[in-house]
Amino acid sequence: MTGRVFRLHSTLELPLEDLEAFLEDPDLPPELDDVELTRRNNTLILKAVAEDADIGKYTPTAQLKASVSETRVYEEEPPKTAPTWGQEEEEEEIPSELVEFACFKGDRETVLQNSALRFPMFLVLRELALISEKGTLTAVLEKDGDLQAVRIVEGEERPASVEVVENPRQGNGEDGGVNWRDNEFIS
């Protein structure tokens, strides 16, 4: 299978535990032998390990880059109570825990770096998007000669399409903007 990724935008967030569980026994594309996870401070790097040993020898293979953030997750929603002025009440502490999230956020090179094995690593990111409960993944890719659009919102695939127009300003009803060349206020 051949393919290329042309456009990519991701706002995916998934618990670090889920990412590590996924990487224990991933269903990888045939071009990949493994995916190595490295953590440097608050940055995660998921590096492609090629099935063909000659690919990664002198060429850096594709990698996914994510930041790590901590979020307090409550076991239940805090109760909505009316304010009581002048009365001293002890507030019940709601059980919660601090959870680390892997955040794959950004466009193209921010999330998916290097060109060797880029398409198989995109497929890994797509699988992560399907198990993620928060965020979106959108991409335009070429697979076996056909353009395809991918849109995954909060772990669920949604319909997407690619529109090819002659002038990029056509389509999507975009008429706004300033025509700087014919602006009478600029001499």
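The values are calculated or read from the model by the stated rules, or taken from the named source; none is laboratory data. Note that the coordinates shown come from a computational prediction; the quantities given were computed from them, not determined experimentally. Positions of Cβ are generated from backbone atoms using ideal geometry, with glycine treated the same way; all protein chains shown enter the neighbour counts. What goes into the accessible areas is simple: the full protein's heavy atoms, side chains included, and nothing from ligands, DNA or RNA. Shrake-Rupley method; radii C 1.70, N 1.55, O 1.52, S 1.80 Å.
Couple of notes before you dig in:
- Hull shadow area, averaged, region 1-46 [alpha-carbon convex hull, nm²]: 4.5
- Note that region 144-161 has calculated 3J(HN,Hα) couplings of 6, x, 10, 7, 9, 10, 10, 9, 10, 10, 6, x, 10, 5, 10, x, 8, 9 Hz, one per residue in order, obtained from phi through the Karplus relation 6.51 cos²θ - 1.76 cosθ + 1.60 (θ = phi - 60°); glycine and proline are x.
- Under a 5 Å amide H cut-off, with hydrogens placed 1.01 Å from N, D34 pairs with V49 among residues at least 5 apart or on other chains.
- Note on E31: accessible area approximately 60 square angstrom, rounded to 10, probe 1.4 Å, nucleic acids and ligands left out.
- Shape call, region 105-163: gyration tensor on alpha carbons, a/c limit 1.5: oblate
- Using a Förster distance of 22 Å, the FRET efficiency for D25-A53 (Cβ separation, nearest 0.05): 0.50
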